[in-house]
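Enquirer: Please see the structure below; I have some questions.
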Amino acid sequence: MERYLRQITLPQVGNAGQEKLLTSKVLVIGAGGLGCAVLPYLVAAGIGEVGIVDGDWIEESNLHRQVLYASDKIGNSKAKESAAILQQNNPNIKIQVFEEYLTQKNASEIISGYDLIIDATDNFFVRYTINDTCVALDKPFIYGSIYQFQGQVSVFNYQGGPTYRDIFPENDQKVPNCEEAGVMGTTVGLIGMIQANEAIKILLEIGEVLSGKLLLYDLLRNEQQVFEFSKVEAPKKPEIEPDFELLTAEEVLQSQKILLDVREFGEAPEIIHENYIQIPLSKLDQNWESLEPGQSILVFCQSGMRARRAAKLLFEKGFQNLSLMSGGAKDLEYLQNHEENLS
């Protein structure tokens, strides 16, 4: 226990508290910017088992904020690389790697094995999957999000408290992700550390947890605000979303589906595929009739947000055989280039 002596010295922790941490299991969904801030502190604190879920790989544009990764690791799996580094930092804990994206298909199986879930993603739609799965399995989850110099943190489904849907009831939010809006690495680092701190407080059962509270932090103006919100009593059951099949980029390239690109014309990267069609989301409502409702269509964009809105629009027009992709155009480009290099 010498490793944890300084935190054991805290009266709120002690030997009993450290034992709680060592027997706890925490799942971190996402090994990007937030994950790289959350994970080292969980591992250093002695969380007994840490799970890491991420199907993405390291890119050069990640390095300014995803500080676990080095330049010579570009192209490697984020989940595997982060696990290897963290295991070196603390070989006494167990790290479980899930080298895949969280989806409606695998969420219950993965989340069920952990006491506490941390959302370190950059995707609204995945957050609803996390929330709904945690509610069904009675698991608390710690939410964090970033917009440029601003960050948010809250704790949902904690001891019967409010859920993500109580404060964000609609799942068609149009706030851009980090790739589209930009982000400072320091913002990601601070918000991730706050998430880790909330996790430790929950596991130790100490302090005041951000349940029913949304912390907003603006690093550009050094402003912090906390907004309180309540669980919606007898909530109206959310409208059932079309359950679109979710494929990886590799599965997309191996399929015979029509690849419908709903990005605007001129957006990079350029995708070349024999079944490729481009109709920007902004023009889809006027041009959807150029598609055949009986076709098997995979809708994609840059990050997945526009693709889901486009798929919902087509679903309302009578299209049934619709799929989405985990990720976006950059994933297709990477695999296409990778295949070319191998051939």
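The values are calculated or read from the model by the stated rules, or taken from the named source; none is laboratory data. Note that this is a predicted model, so its numbers are computed, not measured. Every residue, glycine as well, gets a Cβ built from its backbone with ideal geometry; the counts of neighbours run over all protein chains shown. Heavy atoms of the whole protein, side chains included, go into the accessibility calculation; ligands, DNA and RNA do not. Shrake-Rupley method; radii C 1.70, N 1.55, O 1.52, S 1.80 Å.
Enquirer: Only one of these is within 19 Å of K25 (Cβ to Cβ) and at pLDDT below 95: G113, G160, G151. Name it.
Expert: Matching residue, one of G113, G160, G151: G113.
Enquirer: Given the options L324, L253, name the one that is touching a strand residue (DSSP E or B) at 6+ places or on another chain (Cβ under 6 Å) and touching a residue at least 40 places away in the same chain (Cβ under 8 Å).
Expert: It is L324.
Enquirer: I'm trying to understand the selection: among the residues of region 104-125, which are buried (at least 22 other Cβ atoms within 10 Å of the Cβ) and in a helix (DSSP H, G or I)?
Expert: The one that is buried (at least 22 other Cβ atoms within 10 Å of the Cβ) and in a helix (DSSP H, G or I): I111.
Enquirer: Let me ask something additional. Could you grab me the full set of residues in region 140-152 that are hydrophobic (A, V, I, L, M, F, W, C), under 15 Å from the mean Cα position of the chain (by Cα) and under 16 Å from N222 (Cα atoms)?
Expert: I146
Enquirer: Tally time: how many residues in region 216-230 are among the aliphatic types (A, V, I, L, M) and open to solvent by 90 Å² or more (accessible area, probe 1.4 Å)?
Expert: So the count comes out to 1.
Enquirer: Evaluate region 16-28: report whether one residue or more is farther than 14 Å from L203 by Cβ and at pLDDT 95 or above.
Expert: no
Enquirer: Test A79 against the criterion of being at negative phi and out of contact with any strand residue (DSSP E or B) (no Cβ under 9 Å at 6 or more places or on another chain), and give yes or no.
Expert: Judged against the criteria, A79 is not a match.
Enquirer: Which residues, taken from region 1-57, are of a type in the set (V, I, T) and either open to solvent by less than 10 Å² (accessible area, probe 1.4 Å) or closer than 28 Å to L335 by Cβ (or both)?
Expert: V26, V28, I29, V38, V43, I47, V50, I52, V53
Enquirer: Would you confirm, using the coordinates I've provided, whether A199 is at pLDDT below 90 and of a type outside the set (V, I, T)?
Expert: no
Enquirer: Still on this model: In this structure, does V226 turn out to be free of Cβ contacts under 8 Å to residues at least 24 places away in the same chain, closer than 30 Å to M184 by Cα, hydrophobic (A, V, I, L, M, F, W, C) and in contact with a Lys or Arg (Cβ under 7 Å, 6 or more places away or on another chain)?
Expert: yes
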